[in-house]
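Values quoted throughout were computed directly from the atomic coordinates according to the rules given, and no laboratory measurement underlies them. It should be emphasised that the depicted structure is a prediction, and the values quoted were computed from it without experimental measurement. Positions of Cβ are generated from backbone atoms using ideal geometry, with glycine treated the same way; all protein chains shown enter the neighbour counts.
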Amino acid sequence: MPELPEVEVIRRGLQRKLPGQTFAAVSRNDKPLRRQSAAPVLAGLVGRTVTRLTRRGKYLLIHLDAGQTLLIHLGMTGRLLLLPEPCPLPAHTHLILTCRSGLRLVFQDVRRFGQVCLYPAGATPPELQQVGLEPWSRRLTPAWLAAKAAGRRRPIKNFLLDGRIIAGIGNIYASEILFAAGLHPQTPVGRLTPDDWAVVIRACRRILTRAIRAGGTTIADFADCEGQAGLFTPQLQVYGRAGEPCRACAAAIQRLVLSGRSSFYCPICQPPPAGTFQRQSLSAQG
DNA sequence: CACCCCACCTGCGTGC
DNA sequence: TGCACGCAGGTGGGGT
């Protein structure tokens, strides 16, 4: 579900309601998440007041008055909802943070790939050490990306999905960014020029900005903290559209699997680069 | 080091 | 109707 735009939409929604709220109770169910602080650690949330919310890549950080940080990752199906006290809880609710006001912050996650960890004041969450540059970072330049890609042959789709390089791009937006940039997902990164990287950076920022503005992309699960679906879905150009006509040229959108993940592209707008893999795919087709 | 594969989970759609 | 299978927005550990 949640890539950078969806996490940012949730962050903005929570930022409107949560600062100033003080947690009065913490309750959890017995099914473990992929990563989760032990119950006694989470109990340290009681009595703490939220100061502000930030985001780093796909991680959401809830900062507390005594300096602690509650780090949350939504995995594939995680949701964060703000619910009033007298209100039934959705299935697969794993954590309920009840505020003194009665407001409840609920973490729901069907597949339990999510993460909720509380870190003490002064600690840098280890998860964040490996996170790459934010898409809008001034350090993200064509030269920086070209240096990261030098000598590598991995497909640009996989490169964009590598959160240790640019943070926050997931499987939907990787395909959308490459369509916007006019680059075939299998293009080997070492072959791209600084001009190509400039196009990628612009496409990345443009797509993510539009997606945030539209409230994110809802395929099946995503909802903001008030349960509303994202409206970027009808603006998707290629993701999930295999066999449908390209909105630019009407050619049939193609699906291909890279590193086990579906990738979508237009064969005309994103022509394959000349070279090895093209010959291989042609010969494979017989 | 670079890169791929797979596991981790549950639910849903499809085809037999 | 039931069952088997493939697929799904993410991450990280292990293997080549």
Per GNM of chain A with C-alpha springs under 10 angstrom, the most fluctuating residue out of A:ALA146, A:ALA38, A:ALA181 is A:ALA38
If I build a Gaussian network model for chain A, linking alpha-carbon pairs within less than 10 angstrom, which residue out of A:GLY182, A:GLY102, A:GLY75 has the largest mean-square fluctuation? A:GLY102
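Stick to Cα atoms and the Kirkwood definition of Rh, then tell me Rg/Rh for the stretch A:67-185. Don't jump to the answer; show the numbers that get you there.
Working: Rg = 18.6 Å, Rh = 17.2 Å.
Value, to two decimals: 1.08.
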Subtracting the Cα-Cα distance from 0.36 nm times the residue separation, let me have the gained length for A:ASP195 to A:GLN130 in nm, one decimal. 20.7 nm
Using the Cα atoms of the stretch A:1-54, I'd like the radius of gyration and the largest Cα-Cα distance, Dmax, both in angstrom. 13.3, 32
According to a simple spin-label model (label point 7 Å from Cα along Cα-to-Cβ), what is the distance in nm between A:VAL41 and A:ALA229? 3.7
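Given the -39500 (n - 2.57) contribution per DSSP H run of 4+ residues, what per-residue ellipticity at 222 nm results for chain A, rounded to the nearest 500 deg cm²/dmol? Intermediate values should be presented prior to the final figure.
Numbers: 7 runs with 72 residues, N = 286.
That comes out to -7500 deg cm²/dmol.
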Could you tell me the center-to-center distance, by alpha carbons, between the stretch A:208-270 and the stretch A:15-56 in angstrom? 32
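In Å³ and rounded to a whole number, note down the convex hull volume per residue for the Cα atoms of the stretch A:1-102. Spell out each step's value before the answer.
On the way: hull volume 10.4 nm³, N = 102.
Given the Cα convex hull of the stretch A:1-102, per-residue volume reads 102 Å³.
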What does DSSP give for chain A in terms of the percent of beta bridges that are antiparallel, rounded to the nearest 5? 95
Computed from the mean reciprocal separation of all distinct C-alpha pairs, what Kirkwood hydrodynamic radius does chain A have, in Å? 20.2
From the square roots a ≥ b ≥ c of the eigenvalues of the alpha-carbon gyration tensor of the stretch A:23-78, which class results: rounded (a/c under 1.5), prolate (a/b over b/c), or oblate? oblate
Kirkwood hydrodynamic radius of the stretch A:173-282 from all distinct Cα pairs, in Å? 14.9
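Would you kindly calculate the translational diffusion coefficient of the stretch A:48-136, applying Stokes-Einstein with the Kirkwood radius from alpha carbon pairs, for 20 °C and a viscosity of 1.002 mPa s, and quote it in µm² s⁻¹ without decimals?
In µm²/s, the coefficient rounds to 152.
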Any lysines whose Cα falls less than 24 Å from that of A:LYS148, other than same-chain ones fewer than 8 residues away, would be A:LYS58, A:LYS157
Local net charge near A:GLY102, Cβ-Cβ under 15 Å (Lys/Arg +1, Asp/Glu -1): +2
